[in-house]
Amino acid sequence: MGRCDGRCTLVVICCLQLVAALQRQVFDFLGYQWAPILANFLHIVAVILGVFGTVQIRSRYLILYAVWLVVWVGWNSFIICFYLEVGHLSQDRDFLMTFNTSLHRSWWMENGPGCLVTPVPDSPLAPQDHHVITVSGCLLDYQYIEVVSSALQVFLALFGFVYACYVSKVFQDDEDSFDYIGRLDSYSYQPPQKSSHLQLQPLYTCKVITYSK
């Protein structure tokens, strides 16, 4: 019963992770955030492996899923520090997210709740074939939306890691107990042995006595 509860809970956590990752992938595509797009893709693959390992009772897939979650927590922690500009991190270095292939940033920067976008024509700050805009009136700044999204990923990943380790341990214990019982059965069963000695049967000989007169 405990194993079933752990498996069901882990499947639910993986489904929540898939929904959150797909939602995040859509908005990262809209913002041309290539580094998060790649990380989200790897995360989706790892979560699918985790679901497969849970349903098919494959502890190796669960171990791989748990290892990836450690990397995933580190990546989302970096995103949180990046948008909060912790230490020497700065949002001006957008090449960390876009691989320096575009000037796009977070999609929420211009499309956040309540945001009003105003273009600034003929601005000397605008690069070639680009324009400058001002964003005002946002109910929640885009960096905090990104931080909340990453914090949700970390929260789900921590629960997933704990349950993945627990379910994997249960699977390994079941495999060990099965092997142990199998060895006991092989020792207790003794096939019938054939006797290598022939049973000696008494031989009776008849002796004929003839009399002559």
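Throughout, read-outs are computed from the coordinates displayed, never taken from laboratory work. None of these values were measured; they are calculated from a predicted model. Methodologically, a virtual Cβ is constructed for each residue, glycine included, from the backbone with ideal geometry; neighbour enumeration extends over all protein chains shown.
Once both labels are positioned 7 Å from their Cα atoms along Cα-to-Cβ, the gap between residue 111 and residue 8 label points is 3.8 nm. Backbone geometry of the stretch 57-66 corresponds, through the Karplus equation with coefficients 6.51, -1.76 and 1.60 at θ = phi - 60°, to 3J(HN,Hα) couplings of 6, 10, 5, 5, 5, 5, 5, 4, 5, 5 Hz, x marking Gly and Pro.
Here's how it looks for residue 133: its modeled amide H is under 5 Å from those of 120, which are all 5 or more places away or on a different chain. Between the amide H of residue 84 and any residue lying 5 or more places away or on another chain, no distance stays under 5 Å, with hydrogens modeled in the peptide plane. For the stretch 147-157, backbone phi angles converted through the Karplus equation (6.51, -1.76, 1.60; θ = phi - 60°) give residue-by-residue couplings of 5, 5, 4, 5, 5, 5, 4, 5, 4, 5, 5 Hz, Gly and Pro being listed as x.
Put a dot 7 Å past the Cα of residue 29, heading toward its Cβ, do the same for residue 139, and the two dots end up 2.6 nm apart. Annotation: amide H of residue 141 has no partner in the under-5 Å range at sequence separation 5 or more or interchain, hydrogens built in the peptide plane. Protection proxy ranking of 134-144, 160-170, 66-76, by the mean of other Cβ atoms within 10 Å over each peptide's residues and highest first, is 160-170, 66-76, 134-144.
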